[in-house]
Amino acid sequence: MLILQRRKGQSLSINDNITLTVVDVGPEWVKLSIDAPRDIPVLRSELKEAAAENLKASETIPKYLLNELLHHKPTGE
């Protein structure tokens, strides 16, 4: 792990195609600007963790049941 100190307005580069810039700093937060190519996903860690949990939960449902739910056509009530 690399730990760097940056001030407001300063940047750091990852490879030649990603730039992180410190936009603003508060007492318990930092606002970053991330300039990266569109094909590189940029996700907050809590969203990435939630997606992993959802995937794990979906694996516990039998595939036949999941297919039934996905292809179920509601009847007119």
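Applying the criteria of a DSSP loop state and at most 15 other Cβ atoms within 10 Å to the trypsin sites (Lys or Arg not before Pro) of the chain yields Arg6, Arg7, Lys8, Arg38, Arg44. The residue list Leu20, Gln5, Pro74 was ranked by how far each Cα lies along the charge dipole of the chain toward its positive end, using unit charges on Cβ atoms, and Gln5 comes out on top.
Entry note, the chain: the mean residue ellipticity at 222 nm calculated from DSSP H runs of n ≥ 4, each adding -39500 (n - 2.57), is -9000 deg cm²/dmol after division by the residues and rounding to the nearest 500. Could you compute how fast the chain diffuses translationally, taking Rh as the Kirkwood radius over C-alpha pairs and applying Stokes-Einstein at 20 °C with viscosity 1.002 mPa s? Give it in µm² per second. Here the translational diffusion coefficient equals 128 µm²/s. Between Arg6 and Ala50, residue separation times 0.36 nm minus the direct Cα-Cα distance comes to 12.9 nm.
For the chain, the relative contact order works out to 16 percent when only alpha carbon pairs closer than 8 Å and six or more residues apart are counted.
Just to confirm a number: summing +1 for Lys and Arg and -1 for Asp and Glu over residues other than Gln10 whose beta-carbon lies under 15 angstrom from that of Gln10, what do you get?
+2
In the range 35-51, which residues have a backbone nitrogen under 13 Å from the label point lying 7 Å from Val23's Cα in the Cα-to-Cβ direction? Residues 35-36 qualify, since their backbone N sits under 13 Å from the label point.
Summing Lys and Arg as +1 and Asp and Glu as -1 over all other residues whose Cβ lies under 14 Å from the Cβ of Thr21 gives a net charge of +2. 3J(HN,Hα) along the range 51-59: 5, 5, 5, 4, 5, 4, 5, 5, 6 Hz, from the Karplus curve 6.51 cos²θ - 1.76 cosθ + 1.60 with θ = phi - 60°, whole Hz, x for Gly and Pro.
Bear in mind that the values in this text are calculations on the coordinates, not laboratory data. Just so it is clear, the structure is predicted and the values come from calculations on it, not from any experiment. Note that each Cβ is placed from the backbone with ideal geometry, even for glycine, and that neighbours are counted across all protein chains shown.
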